[in-house]
1. Within the accessible area of the chain, what % is carbon and sulfur when the probe is 1.4 Å and the other protein chains stay in place?
2. Per residue, how much accessible area does the chain show when a 1.4 Å probe rolls over the protein heavy atoms, in square angstrom?
3. Could you check the spin-label model distance between H16 and H61? Points 7 Å from the Cα along Cα→Cβ, value in nm.
4. Kindly provide log₁₀ I(q)/I(0) values, in the same order as q = 0.17, 0.20, 0.27, 0.29 Å⁻¹, from the Debye equation applied to equal alpha-carbon scatterers of the chain.
5. Give me the net charge of T47's neighbourhood, meaning all other residues with Cβ under 15 Å from the Cβ of T47; Lys, Arg count +1, Asp, Glu -1.
Amino acid sequence: MLHPRLQAIAATLRNHTELVRRHARGDAGYTTETIVVTALLTVLALTVVGIIVAKVLAKAHSIDLG
């Protein structure tokens with residue numbers, strides 16, 4: 001089960017994707033706003049993955065095997 005914050009982010013992404021799809025049906029291509037939002041969401045996703053990796057590695061390094 002996803003963390004509540006990740007669930008909120010996923011819901012926001014789904015809503016924004018649907019909004020972009022509705023607006024893009026009449027457009028021939030992507031708007032600047034869509035590209036900027038996509039870039040920001042990509043940076044956000046990479047940040048979340050980085051935080052998760054850091055926490056997992058910290059927990060793994062804290063395990064005492066001796």
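The values are calculated or read from the model by the stated rules, or taken from the named source; none is laboratory data. Predicted model only: the values in this text are computed from it and were never measured. Using ideal geometry, Cβ is built from the backbone for each residue, glycine included, and neighbour counts are taken over all protein chains shown. The protein model used for the area step is the full one, side chains on, heavy atoms only, and it has no ligands, DNA or RNA in it. Shrake-Rupley method; radii C 1.70, N 1.55, O 1.52, S 1.80 Å.
1. Carbon plus sulfur share of accessible area: 67 percent.
2. 89
3. 3.1
4. Here the Debye-derived log intensity ratios amount to -0.74, -0.89, -1.18, -1.24.
5. +2
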